[in-house]
1. At q = 0.19, 0.21 Å⁻¹, what is the base-10 log of I(q)/I(0) for the chain according to the Debye formula with one equal point scatterer per Cα and no solvent? Please give it to two decimals.
2. Sorting Ser64, Ser27 on the 10 Å Cβ count, fewest up front, what's the list?
3. Which of the chymotrypsin sites (Phe, Trp or Tyr not before Pro) found in segment 1-56 are in a DSSP loop and have at most 14 neighbouring Cβ atoms, other than their own, within 10 Å?
4. Where does the chain land at 222 nm, in deg cm²/dmol rounded to the nearest 500, when only DSSP H runs of n ≥ 4 count, each adding -39500 (n - 2.57), divided by all residues?
5. Distance check, please: which entries in Lys6/Lys48; Lys10/Lys49; Lys10/Lys33; Lys6/Lys49; Lys33/Lys65; Lys29/Lys65 exceed 26 angstrom between their Cα atoms?
Amino acid sequence: MERFNKSQGKRDAAALQAFALAISALSVKQLNKISMPEALLKALLAYKKIPDHRAIPRQLKYISKLMREMGQEELQRTFSNIPNLKVK
């Protein structure tokens, strides 16, 4: 059984949050064109409407959680066609 590396887990979470931030920078029109789970799309659209800067990190963590639940392969399929966007 492989031991869980806490530092690696933190690095993975930080990379996923950075990717969530990159995706959230896409326009609403671009987001609507991407085939993704409804919950993720709603979370990304809600992120764009958040006026309070203190709520933004919390929403990014939620988006990251939804992306983590999708799995690496589905993330790559979903977002691989977007130019200048890298899936880690």
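Nothing in this text is a laboratory measurement; each read-out follows from the coordinates by a stated rule. All values derive from a computational prediction rather than experimental measurement. Ideal geometry is used to build each Cβ from the backbone, glycine not excepted, and the neighbour counts take in all protein chains shown.
1. -0.87, -1.04
2. Details: Ser64 21, Ser27 9.
Fewest-to-most Cβ neighbours within 10 Å comes out as Ser27, Ser64.
3. Values: sites: Phe4, Phe19, Tyr47; in loops: Phe4.
When the chymotrypsin sites (Phe, Trp or Tyr not before Pro) of segment 1-56 are filtered for loop state and at most 14 Cβ neighbours within 10 Å, Phe4 remain.
4. On the way: 5 runs with 60 residues, N = 88.
Only helices count here, giving -21000 deg cm²/dmol.
5. Pairs exceeding 26 Å: Lys6/Lys48; Lys10/Lys49; Lys10/Lys33; Lys6/Lys49.
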